[in-house]
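Worksheet: the structure to be examined is printed underneath.
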Amino acid sequence: MNTYKEKLFKALTYTASLFVIIFLFGIIYSIFREGLPILKVVKLQDFIFGSAWYPTHEIPEFGIWTLIIGSVYVTLGALVVALPLGLGSAVYISEVASPRMREIAKPIIELLAAIPSVIYGLFGMAFLAPAVRQWFNLPTGLNVFTSSIILGIMVIPIIASMSEDALSTVPKALRESSLALGATKWETIVRVVVPAAKRGIIGSTLIGFGRAIGETMVVLMVAGGSAKIPSSIFHSTRPMTSAIAAEMGETVVGDLHYQSLFAIAIVLFLITFATNIFTEIVFLKRSAR
Amino acid sequence: MTYRRLKSHIGINLLRLCLAVTALFLIAFLFRIFSKGLSVISWQFLTTPPKNSMTAGGIYPALVGTFWLTVTSIGIAFPLGIMTAIWLNAYGKPAWLVRIIRISINTLAGVPSIIYGLFGMALFVNMLRFDVSIIAGALTLAVLALPMIINASEEALKSVPVDFRDASLALGATKRQTIMRVLIPTALPNILTGTIISIGRVAGETAPIMFTAATFYSRRLPNGIFDEVMALPYHIYALMTEGTKAESQVPIAYGTAVVLLMLVLSISATAIIIRYRIRKKRKW
């Protein structure tokens, strides 16, 4: 038959598949190419652990420790908000709610996960920040606390949706055996169902972590932006993503500041990459079982 | 015994509380956006350009910009994504290459959107000299959408029963014919659902277009794909952070947010409804 058409089709799809590899290497190559040269000027340990971020001073200093800490603070804050609420909601929807309610709740969660982050940023900036400032009598509402809440609200649908998926794959027989042995509903949930879905739940948390630490618009708009290590959750901070987004416009292509921002992107990429690989392993183990 | 029952009762109500708090947060969020933004929207708001350095007027150029960015990027990512999914599903040899491709897809899916922005700026804007333009932004967004489209298409292809493929092959159809006439048509609704969801995501992204496509303020429409554009998500950010007249800019930002939100939510809702219908109708 038409073998050359067969071959052409195969070759075409094969070539298309190579694009993901090309794109990934393109991303890695471009951020390393633009970012690594900063190490000619700053030593690696001074870049990572230096706590003075003055890229535009006459004698500039490029220490990103404050930015890393800023990212870690708002991300952990977001997880403190999102993990109990997201997981609690997922358990409720999967274990307690009626099938009808489950059928309605799942798509709604999915819809919420699609809301653009800039809209969360707008909400934080125009509504929550002024409210927080008033409630706690602060000089500014743009701080770690506010951005953690907003990021948390953003991450809840991700954690809830993925945890619910994990919980729903727990075999029904496990629940029924536990109940038949006289365990209460709560005991069944806490000692049987949740432990059985543990890997999926950890995986969802890690995905949420990756999403929160890489999120730009919310922290850019709500975290305040001061490049100092915040001494309280009501202080303003500048996470890595917001430093990149806020300062890139001021740089000249190829200058030290530009290079340093790409170098921050390298650090961010490595953090999310490591998180992903770790998550993969967690998930792979589950599917291998 | 009663203690255990009580504990169970409290525990379950605690879970109910979690869901209630979550719902409350989200309702407050949506209510605030809609209550502040709906009143701003009018036909004029949608069809006129901004005036007086963004303190008045509409968002027409941003709507058009978001349309072109989204259409162009999906136009690039969709064929690539579906072909990749076909190769992974139907050919997929050698195994080591499949593994590398899968790792790449997963890694790409987890890359923060701001890094896509930097990548697009370094490659498309500076190296390839596209400047800040629709095409640079659309290519950046296409790379971002690609893993989503591949994953959705592959899921869809996987859900086609093996019998269908075997039957087609047994009738003497070639592999290509089986893919084009049996696999793809059967999986198409699901593929489209996944693609529609990624359209919603792409339309709402801000960070990737910040340095590759978007401009703060433009009274005219783009002249071609090498022209910079306004875009809805970036417009919201610009209104909130640039300029000095907060009292007249914030309402416009809310209005723009409602337009973007309705756009994204209606796109995603369409996808979810289509999927629901397919699941109900499917006979295998």
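Every condition in (1) farther than 30 Å from A:R199 by Cβ; (2) more than 13 Å from every other protein chain (Cβ to nearest Cβ); (3) buried (at least 18 other Cβ atoms within 10 Å of the Cβ) is met by A:R133 except one, and the failing one is (3).
Rundown of residues vs (1) within 30 Å of A:F283 (Cα to Cα); (2) touching a Ser or Thr at 6+ places or on another chain (Cβ under 8 Å), yes/no style:
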position: B:V111; (1), (2): yes, yes
position: B:L128; (1), (2): no, no
position: B:I135; (1), (2): no, yes
position: B:I150; (1), (2): yes, yes
position: B:L157; (1), (2): yes, no
position: B:V160; (1), (2): yes, yes
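Listed by first and then second residue, the pairs linking a residue in segment B:88-102 that is closer than 14 Å to B:N151 by Cβ to a residue that is small (G, A, S), with Cβ atoms under 8 Å apart and 6 or more places separating them unless they lie on different chains, are B:L88/A:S17; B:I101/A:S17. Counting only residues that are under 25 Å from A:M221 (Cβ atoms) and touching a Leu at 6+ places or on another chain (Cβ under 9 Å), which one in segment B:265-284 is farthest from the other protein chains (Cβ to nearest Cβ)? The selected residue is B:L265. Considering segment A:1-24, and only residues there that are hydroxyl-bearing (S, T, Y) and within 7 Å of another protein chain (Cβ to nearest Cβ), the residue that is surrounded by the fewest Cβ atoms within 10 Å (Cβ to Cβ) turns out to be A:Y14. Once segment B:175-199 is narrowed to residues that are more than 12 Å from the chain's Cα centre (by Cα) and of a type in the set (S, T, N, Q), the residue that is farthest from the other protein chains (Cβ to nearest Cβ) is B:T186. Somewhere in segment B:36-44, is a residue within 12 Å of chain A (Cβ to nearest Cβ), touching a helix residue (DSSP H, G or I) at 6+ places or on another chain (Cβ under 6 Å), touching a residue at least 40 places away in the same chain (Cβ under 8 Å) and not charged (D, E, K, R)? Yes, some residue in segment B:36-44 is within 12 Å of chain A (Cβ to nearest Cβ), touching a helix residue (DSSP H, G or I) at 6+ places or on another chain (Cβ under 6 Å), touching a residue at least 40 places away in the same chain (Cβ under 8 Å) and not charged (D, E, K, R).
Residues in segment B:218-248 that are at pLDDT 90 or above, more than 8 Å from every other protein chain (Cβ to nearest Cβ) and over 18 Å from the mean Cα position of the chain (by Cα): B:A238, B:L239. From the list A:I38, A:I27, A:I48, the one residue that fits, being closer than 20 Å to B:S104 by Cα and surrounded by 14 or more Cβ atoms within 10 Å (Cβ to Cβ), is A:I27. Being without any contact (Cβ under 8 Å) to a residue 60 or more places away in the chain and at positive phi is not true of B:N13. Would you tally the residues in segment A:60-78 being in a loop (DSSP other than H, G, I, E, B) and closer than 17 Å to A:G124 by Cβ? Going through segment A:60-78 one residue at a time, the tally reaches 0.
Residues that are farther than 20 Å from A:Y29 by Cα and facing chain A (nearest Cβ under 8 Å): does segment B:108-127 have at least one? So far as segment B:108-127 goes, no, none of its residues is farther than 20 Å from A:Y29 by Cα and facing chain A (nearest Cβ under 8 Å).
Only one of B:G11, B:G81 is within 24 Å of B:I199 (Cβ to Cβ) and small (G, A, S); which? Please lay out each step first, then the result.
Numbers: B:G11 fails: within 24 Å of B:I199 (Cβ to Cβ).
Every option except B:G81 fails the conditions.
Of all the numbered requirements in (1) surrounded by 19 or more Cβ atoms within 10 Å (Cβ to Cβ); (2) more than 23 Å from A:V20 (Cβ to Cβ), B:F164 misses one, and that requirement is (1).
I'd like the full set of residues that are within 22 Å of the chain's Cα centre (by Cα) and closer than 25 Å to B:G243 by Cα, limited to segment B:38-68. Show your work before the answer.
Taking segment B:38-68 as the starting set, the residues that turn out to be within 22 Å of the chain's Cα centre (by Cα) are B:46, B:59-68.
Correct list: B:L46, B:I59, B:Y60, B:P61, B:A62, B:L63, B:V64, B:G65, B:T66.
Does any residue of segment A:198-215 turn out to be under 30 Å from A:M248 (Cα atoms), crowded, with 24+ Cβ neighbours inside 10 Å, in contact with a helix residue (DSSP H, G or I) (Cβ under 7 Å, 6 or more places away or on another chain) and of a type in the set (S, T, N, Q)? No, segment A:198-215 contains no residue that is under 30 Å from A:M248 (Cα atoms), crowded, with 24+ Cβ neighbours inside 10 Å, in contact with a helix residue (DSSP H, G or I) (Cβ under 7 Å, 6 or more places away or on another chain) and of a type in the set (S, T, N, Q).
From B:R181, B:R275, grab the single residue that is part of a helix (DSSP H, G or I), under 30 Å from B:F29 (Cα atoms) and in the same structural domain as B:I134 (by TED's automatic domain parsing).
B:R275
When segment B:9-40 is filtered for residues that are within 13 Å of B:Y254 (Cα to Cα) and buried (at least 18 other Cβ atoms within 10 Å of the Cβ), the ones remaining, listed by number, are B:F29, B:I33, B:K36, B:G37, B:V40.
The sole residue among A:A97, A:A90 that is more than 29 Å from B:I105 (Cβ to Cβ) and facing chain B (nearest Cβ under 10 Å) is A:A97. When the criteria are applied in full, A:P116 fails the requirement of being within 12 Å of chain B (Cβ to nearest Cβ) and surrounded by fewer than 22 Cβ atoms within 10 Å (Cβ to Cβ). Taking the listed residues A:T140, A:T146, the one that is in contact (Cβ under 8 Å) with a residue 24 or more places away in the chain and surrounded by fewer than 21 Cβ atoms within 10 Å (Cβ to Cβ) is A:T140, with no other qualifying. Among the residues of segment A:158-169, just one is crowded, with 23+ Cβ neighbours inside 10 Å and under 12 Å from the mean Cα position of the chain (by Cα), namely A:I159. In the set B:T107, B:T140, only one residue is closer than 30 Å to B:Y234 by Cα, modelled with pLDDT of 95 or more and polar (S, T, N, Q); that residue is B:T140.
The values are calculated or read from the model by the stated rules, or taken from the named source; none is laboratory data. Please read these numbers as outputs of a predicted model, since none were measured by experiment. Glycine gets a Cβ as well: all are built from the backbone with ideal geometry, and neighbour counts include every protein chain shown.
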